[in-house]
Structure formats: structure tokens, C-alpha cells
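None of the figures in this text is laboratory data; all of them are computed from the coordinates on show. Owing to the predicted nature of the structure, the values given are computational and were not obtained by experimental measurement. A quick note on method: Cβ atoms are made from the backbone with ideal geometry, for glycine too, and the neighbour counts reach across all protein chains shown.
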Amino acid sequence: MDKYEIATFGAGCFWCVEAVFQELEGIHAVVSGYMGGATPDPTYREVCSGTTGHAEVVQISFDPKVITYGELLEVLWATHDPTTLNRQGADKGTQYRSVIFYHTEEQKQIAAQSKAEVAPTMWNAPIVTEISPAATFYKAEEYHQNYYRENPTRGYCSIVISPKVAKVRQKFSSKLKKHHADE
């Protein structure tokens, strides 16, 4: 059996989601990409047009002995607004929808339970997050990978992403990779 499992989440701009999950202990890799649409191998421009049906997602390779799928979901609920349909902040469109793509029946059950029991403890409006079977994952263009790490001073990064990363560092300090513990 492989050491790592895969989780795939859409929660608005994948730059934000990638930056958040890269902070956590037990995460082996976070790859930005697209899932859930009809167009094979879509480009960023095509996905942004809203015509392909894809969501911007991150595919997370994680060690379930270090961080569980349920813990990943807790971070997901805390770091985006799962009550807004097809929107996160100023980003609007189906490509920014809140979605959990499950890879196993167990993930489907954990996601449904977490949506029903954990998310409502953080949000006072109905949770609109879609829970769907994983489809083909298309890796985004290379310039989208590690975007926040490579561009921390860009406007979007400092205004939108940095507060999310700071929230994770505060709220989930016990789950951070060791090099972030002192920041």
C-alpha cells in the first residue's frame, strides 16, 4: 500500500488553496490544476472563460498517518467561504466553486459528514460545497505551481493569500510543518 493518499479540493483561486495546504505537516505535495469539466486538457484561459466546466483545484498528496482526511477538510472549511455559490471574494464563476472531489467511498462519507457536522460550526449560512467523484485531473501551467511561495510580494498574494496563510498558522499551529512553527 502506498504511504500517501490523494485529496482534491476546489475553494476559489488555486493559488490560495495551494499556499494554505503547503503549510501543513504530512503534506507531501500540492499541485494546482483543473477538474470537473468536459474539455480535455484545458488551459487556464479556457477555464477562466467559464465554458469548460472545470473548477480550479489543488490535488494534495498526504500521509494519513500524520494528517487525516478529516483534518484536511477542517482546514478547507476554515480557509474559504463554503456558503457562497461559485464565488470566493472577488473571484466569480463556476471555476471558483467550492467542491470536494472524492477519490474513495470512504472520502465521500467523511466529506459528507464533515459538511454536515463540522462546516456549520464555522459558518452561519447553508454550506453549498459540492461533493463529487474525482474526475481526470489536469495539472495547471507551470507558472501556477508554487505561486505564493515564488511571488509573496505581488499584490494578490499580499492582500488575499497572506491573510489566509496567517489564519492557518494561527488556527492550526499544531499541524504546521516544523519550519513554520516559529513564524
Return the only residue of Y96, Y138, Y156, Y148 being within 28 Å of G36 (Cα to Cα), in contact with a helix residue (DSSP H, G or I) (Cβ under 7 Å, 6 or more places away or on another chain) and in contact (Cβ under 8 Å) with a residue 24 or more places away in the chain. Y148
The range 122-135, subset among the aliphatic types (A, V, I, L, M) and touching a residue at least 60 places away in the same chain (Cβ under 8 Å), residue farthest from E5 (Cα to Cα): A135
Has the range 65-83 got any residue that is in contact with a His (Cβ under 6 Å, 6 or more places away or on another chain), within 23 Å of K3 (Cα to Cα), part of a loop (DSSP other than H, G, I, E, B) and not basic (K, R)? no
Tell me, please, whether a residue that is hydroxyl-bearing (S, T, Y), surrounded by 12 or more Cβ atoms within 10 Å (Cβ to Cβ), within 26 Å of T94 (Cβ to Cβ) and in contact with a strand residue (DSSP E or B) (Cβ under 7 Å, 6 or more places away or on another chain) can be found in the range 155-174. no
Restricting the range 16-54 to residues that are of a type in the set (A, V, I, L, M) and not in a helix (DSSP H, G or I), the residue that is surrounded by the fewest Cβ atoms within 10 Å (Cβ to Cβ): A38
State all residues of the range 129-151 that are within 15 Å of the chain's Cα centre (by Cα), part of a loop (DSSP other than H, G, I, E, B) and over 19 Å from P42 (Cα atoms); if no residue qualifies, say none. T129, N146
All-but-one check, W123 against (1) over 15 Å from the mean Cα position of the chain (by Cα); (2) in a helix (DSSP H, G or I); (3) of a type outside the set (G, A, S); (4) surrounded by 12 or more Cβ atoms within 10 Å (Cβ to Cβ), failing number (2)
Quick one: which of A116, A140, A112 is aliphatic (A, V, I, L, M) and out of contact with any strand residue (DSSP E or B) (no Cβ under 9 Å at 6 or more places or on another chain)? A116
Which ones in the range 126-149 are of a type in the set (K, R) and either more than 17 Å from S61 (Cα to Cα) or buried (at least 17 other Cβ atoms within 10 Å of the Cβ) (or both)? R149
Filtered residue count, the range 91-117, keeping only those that are under 17 Å from the mean Cα position of the chain (by Cα), surrounded by fewer than 17 Cβ atoms within 10 Å (Cβ to Cβ) and in a loop (DSSP other than H, G, I, E, B): 2
